[in-house]
Amino acid sequence: MKELVVYFCDDTIEIIYNKKVIKKKLESVYQGMVVDRTKFMESFLAILKKERIRSKLFGDKIYVVKNVYFQPSDLYYLESIFADLGFIKTIFLDIRDYFDEDYDYIGIFKDYIVFYLDKPVLLDLNYFKDLPKLIEFFAVYYHKYVILFGTNKNIPSIHSDKIKIYYIDHYQDYITQSLLKVKKYGA
């Protein structure tokens, strides 16, 4: 049985199945969270049907990338959605497992930013426009370097004189590429 992995980002769902990434923009997803259960379930089933992901998949397990800002209630919400879709078990993959422990990561997306610190910080970019200054604000919490990834097209142009900032070559699809390369979800 092939494994099905789901990653939520911005207003999209990225499905990793059979060594392929299926990326769909959904009205029911906002800032990496499902905001409309019914619309999401309808869209998800339509994607599975369109992509010919077999119905024998149902009754099996599904893997969901758990972002650091997910609360226990968010995990329960996702578990109940996928249970209602027919999956027996929802297994959450910690996004931090795809990061090198020697660095600090910041996810910068279309309209939000996530600081992967000891205590995660999620900020809406509608209120914070100066990204270098915002990154510098958290400087006391970084260890060595700051690594940027995410879907924000401005990532390569973010620089600071106070902090060493780098970005991953394939910053826009870092997580999905990591999921394709390293199977940390075989349990």
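The values are calculated or read from the model by the stated rules, or taken from the named source; none is laboratory data. Owing to the predicted nature of the structure, the values given are computational and were not obtained by experimental measurement. FYI the Cβ positions are ideal-geometry reconstructions off the backbone, even for glycines, and counts take in every protein chain you see. These area figures cover heavy atoms from the full protein model, side chains too; ligands, DNA and RNA do not enter into them. Shrake-Rupley method; radii C 1.70, N 1.55, O 1.52, S 1.80 Å.
Just a few scattered comments:
- Restricting the stretch 16-39 to residues that are open to solvent by 90 Å² or more (accessible area, probe 1.4 Å) and assigned to a strand (DSSP E or B), the residue that is farthest from L123 (Cα to Cα): K20
- Whichever residue in the stretch 84-96 is open to solvent by less than 50 Å² (accessible area, probe 1.4 Å) and over 12 Å from the mean Cα position of the chain (by Cα) and, among such residues, is farthest from K49 (Cα to Cα): I91
- Picking from residues in the stretch 62-83 that are charged (D, E, K, R) and part of a helix (DSSP H, G or I), the one that is surrounded by the fewest Cβ atoms within 10 Å (Cβ to Cβ) is D74.
- Residue count for the stretch 135-164, restricted to those that are modelled with pLDDT under 90 and either loosely packed, with under 14 Cβ neighbours inside 10 Å or under 14 Å from the mean Cα position of the chain (by Cα) (or both): 2.
- Residue tally, condition assigned to a loop (DSSP other than H, G, I, E, B) and surrounded by 11 or more Cβ atoms within 10 Å (Cβ to Cβ), over the stretch 110-134: 6
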